[in-house]
Amino acid sequence: MRHITLEQMKALLADPIFHQIGQAADQLGVDCYVVGGYVRDLFLERPSQDIDCVVVGSGIELAQTLGHSLGRGAHVSVFRHFGTAQLKWHGAEVEFVGARRESYSHDSRKPIVEDGTLEDDLLRRDFTINALAVCLNRDRFGQLIDRFDGLLDLEDGIIATPLDPDTTFSDDPLRMMRCIRFATQLNFQIEDETQQALARNAERIRIISQERIIDELNKIMLSPTPSIGFIELSRCGLLPIILPEIAALEGVEVRNGRAHKDNFYHTLEVLDNVAKASSELWLRWAALLHDVGKPRSKRWENGVGWTFHNHNYIGQKMVAPLFRRMKLPLDERLQYVEKLVGLHMRPIVIADEEVTDSAVRRLLFEAGEDIDDLMVLCEADITSKNQQRKQRFLDNFQLVRQKLADLQARDNYRTWTNPITGEEIMRTFGLAPCRQIGILKQAIKDAIWDSQIPNDHEAARTFMLEKAKEMGLTPVILLE
Ligand code: CTP
């Protein structure tokens with residue numbers, strides 16, 4: 001790939017739209033190039049929808065000329081304020097912009113923009129792999145412009161900036177997130193100078209809106225191996241700024257020669273395990289946050305060692321404030337993550353003891369329709385280095401899964417309701433609302449869930465009458 005022939009490049013630009021753009025540019029006598037992410041993704045063989053074109057002249061004029069020549073079916077939107085235009089044609093979306101020069105002031109992401117050459121335009125882009133351009137004019141169709149060895153970096157798997165990285169990141173600090181996002185998505189290395197500049201400029205991320213940060217963070221989360229991104233975020237100091245709760249998981253404390261595990265690296269292992277099993281973003285968030293309550297619950301107990309009692313409940317309570325601050329959704333997706341964080345210990349506790357019907361039914365009841373995701377998270381959480389211990393858990397886990405499947409087939413405990421209502425108890429014993437009704441209902445529930453009696457009305461009523469007798473209650477209406 002280091003060298004690409006003109007013929008190969010022409011073959012990559014097979015879509016007829018590229019020739020149409022070139023013709024319109026020739027008609028206006030301006031040079032036009034396809035640039036940025038589209039060209040990068042052509043080489044990476046990643047499907048890409050949005051085509052960005054740079055015109056050495058007016059992007060708006062070119063879009064309008066092209067719209068005319070394509071006729072019906074083409075739709076042009078003009079954004080005069082930004083000097084850009086968008087053309088939609090047969091499912092293709094092309095963005096046109098004039099070549100620009102940009103300069104930034106220190107306290108804003110808003111650049112001062114002037115007309116410029118193609119060179120100026122490529123120089124202002126974030127990474128060498130995003131600064132490739134291919135000419136679309138007829139006499140140079142398919143000619144690659146690669147001023148900063150972007151093709152080499154694509155092949156070597158390197159993220160580097162065309163300019164001094166301090167300038168690139170300081171101009172637009174969102175690019176620090178983009179840098180780590182591309183490294184994670186593509187499994188590329190961040191070039192040394194660029195990496196050092198990340199650390200020097202990390203504080204500048206504070207001028208970026210939360211929405212844009214979370215956009216990039218979610219792309220990191222959705223990558224094949226999200227840990228790559230979190231390790232980079234931690235290394236350059238961005239993590240304590242954007243996700244201090246996760247940064248706080250890092251580190252190992254030793255007392256009396258006993259160390260606890262590094263919960264940051266454990267969390268990343270769990271996150272990568274979940275990512276192998278599911279592409280669901282919110283399940284991945286649950287994995288990232290499953291141990292977030294550990295730093296606050298950590299204690300040293302003499303004779304016991306390090307403990308993290310109730311870290312799942314403490315963690316569960318930390319999810320909502322974190323979602324609010326990060327501008328993550330505050331709807332059922334938040335509730336889902338809270339539920340998984342709160343319950344993440346449960347299957348493992350069951351698997352560690354005797355796997356009883358009632359424990360599994362309770363789990364089914366509480367997890368509801370998220371039971372399968374909870375099981376994925378819990379299995380991912382078994383990261384013990386002790387192979388024997390790990391195998392024992394995995395075997396017991398199989399047992400829990402088997403029991404879950406059996407019970408789900410037998411009775412639907414996800415939507416279980418008590419066959420005896422409080423109303424019926426009151427009628428039977430002539431009671432006004434009181435504590436005894438709750439006690440009776442709980443006893444019936446326990447008896448059914450522990451498989452002492454069948455899950456039906458008749459058995460439950462017989463059981464209730466016996467239990468009530470023990471409690472000194474007499475029915476006012478005899479068996480109907
Ligand atoms: N760009 C930049 N700095 C930014 C954002 C974008 O220099 N903060 C440039 C890059 O050259 C990039 C192009 O603008 O390739 C288009 O940006 P965008 O569509 O946001 O990103 P893509 O690189 O296409 O990647 P993705 O679609 O994965 O976000």
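The values are calculated or read from the model by the stated rules, or taken from the named source; none is laboratory data. Keep in mind the model is a prediction, meaning the values are calculated, not measured. Note that we place each Cβ from the backbone using ideal geometry, even for glycine, and neighbour counts take in every protein chain shown.
Might you check whether a residue that is farther than 30 Å from Gln23 by Cβ, touching a helix residue (DSSP H, G or I) at 6+ places or on another chain (Cβ under 7 Å) and either surrounded by fewer than 22 Cβ atoms within 10 Å (Cβ to Cβ) or modelled with pLDDT of 95 or more (or both) occurs anywhere in segment 145-154? Show your work before the answer.
Let us first name the residues in segment 145-154 that are farther than 30 Å from Gln23 by Cβ, namely 149, 152-153.
Imposing the further condition that a residue be touching a helix residue (DSSP H, G or I) at 6+ places or on another chain (Cβ under 7 Å) reduces the set to 149, 153.
Those left that are additionally either surrounded by fewer than 22 Cβ atoms within 10 Å (Cβ to Cβ) or modelled with pLDDT of 95 or more (or both): 149, 153.
The answer is yes; a qualifying residue exists.
Please work out which one of (1) within 16 Å of the ligand (Cβ to nearest atom); (2) buried (at least 20 other Cβ atoms within 10 Å of the Cβ); (3) under 27 Å from Glu269 (Cβ atoms) is the condition Thr168 fails and give its number. It is condition (3) that Thr168 fails.
Suppose the filter is at negative phi, away from the ligand (no atom under 16 Å from the Cβ) and crowded, with 17+ Cβ neighbours inside 10 Å; does Leu66 pass it?
On the way: at negative phi: yes; away from the ligand (no atom under 16 Å from the Cβ): yes; crowded, with 17+ Cβ neighbours inside 10 Å: yes.
Answer is yes for this residue.
Quick check: anything in segment 102-115 more than 15 Å from the ligand (Cβ to nearest atom) and either among the aromatic types (Phe, Trp, Tyr) or surrounded by 14 or more Cβ atoms within 10 Å (Cβ to Cβ) (or both)? Within segment 102-115, one or more residues are more than 15 Å from the ligand (Cβ to nearest atom) and either among the aromatic types (Phe, Trp, Tyr) or surrounded by 14 or more Cβ atoms within 10 Å (Cβ to Cβ) (or both). If I ask for residues that are more than 13 Å from the ligand (Cβ to nearest atom) and either surrounded by fewer than 19 Cβ atoms within 10 Å (Cβ to Cβ) or within 17 Å of the chain's Cα centre (by Cα) (or both), which ones from segment 181-204 would you list? Residues satisfying the conditions are Asn187, Gln189, Asp192, Glu193, Gln196, Ala199, Arg200, Glu203.
When Leu122 is tested against (1) within 11 Å of the ligand (Cβ to nearest atom); (2) more than 20 Å from Phe169 (Cα to Cα), exactly one condition is not met: (2). For Val30, the criteria (1) within 16 Å of the ligand (Cβ to nearest atom); (2) surrounded by fewer than 20 Cβ atoms within 10 Å (Cβ to Cβ); (3) modelled with pLDDT of 95 or more hold in every case but one, which is (1).
Looking for something assigned to a helix (DSSP H, G or I), over 21 Å from Tyr38 (Cα atoms) and within 13 Å of the ligand (Cβ to nearest atom) - is there at least one such residue anywhere in segment 226-238?
Step one: filter segment 226-238 for residues assigned to a helix (DSSP H, G or I), giving 227-236.
Still in the running and over 21 Å from Tyr38 (Cα atoms): 227-236.
Of the ones still in play, those that are also within 13 Å of the ligand (Cβ to nearest atom) are none.
No - not one qualifying residue is present in segment 226-238.
Consider segment 315-357 and keep the residues that are modelled with pLDDT of 95 or more and among the β-branched types (Val, Ile, Thr). The one that is surrounded by the most Cβ atoms within 10 Å (Cβ to Cβ) is Val341. Where helices (runs of 4 or more DSSP H) fall entirely within segment 360-470, those with at least 3 residues that are farther than 30 Å from Asn273 by Cβ and acidic (Asp, Glu) are at 457-470.
Of the residues Ala14, Ala24, which is out of contact with any Asp or Glu (no Cβ under 8 Å at 6 or more places or on another chain), more than 10 Å from the ligand (Cβ to nearest atom), of a type in the set (Gly, Ala, Ser) and outside any helix (DSSP H, G or I)? Explain how you work it out, then say what you get.
Numbers: Ala24 fails: outside any helix (DSSP H, G or I).
Unique residue meeting the criteria: Ala14.
From the list Val337, Val341, Val376, the lone residue that is within 17 Å of Val270 (Cβ to Cβ) and touching a Ser or Thr at 6+ places or on another chain (Cβ under 8 Å) is Val376. Take segment 341-359 and flag every residue that is over 19 Å from Asn273 (Cβ atoms) and under 20 Å from the mean Cα position of the chain (by Cα). Answer for segment 341-359, where residues must be over 19 Å from Asn273 (Cβ atoms) and under 20 Å from the mean Cα position of the chain (by Cα): just Gly342. When Thr421 is tested against (1) at pLDDT 85 or above; (2) surrounded by 13 or more Cβ atoms within 10 Å (Cβ to Cβ), only condition (2) is not met. Identification of helices (runs of 4 or more DSSP H) wholly contained in segment 120-196 with 3 or more residues that are of a type in the set (D, E, K, R) yields 150-156, 174-186. Of Gln49, Gln20, all but one fail to be touching a strand residue (DSSP E or B) at 6+ places or on another chain (Cβ under 7 Å) and in the same structural domain as Asp139 (by TED's automatic domain parsing); the exception is Gln49.
Regarding Asp381, is this residue in contact (Cβ under 8 Å) with a residue 24 or more places away in the chain, among the acidic types (Asp, Glu) and surrounded by 14 or more Cβ atoms within 10 Å (Cβ to Cβ)? Can you show your working first?
Details: in contact (Cβ under 8 Å) with a residue 24 or more places away in the chain: yes; among the acidic types (Asp, Glu): yes; surrounded by 14 or more Cβ atoms within 10 Å (Cβ to Cβ): yes.
Answer is yes for this residue.
There is no residue in segment 46-61 that is assigned to a helix (DSSP H, G or I), under 20 Å from Gly91 (Cβ atoms), away from the ligand (no atom under 16 Å from the Cβ) and more than 38 Å from the chain's Cα centre (by Cα).
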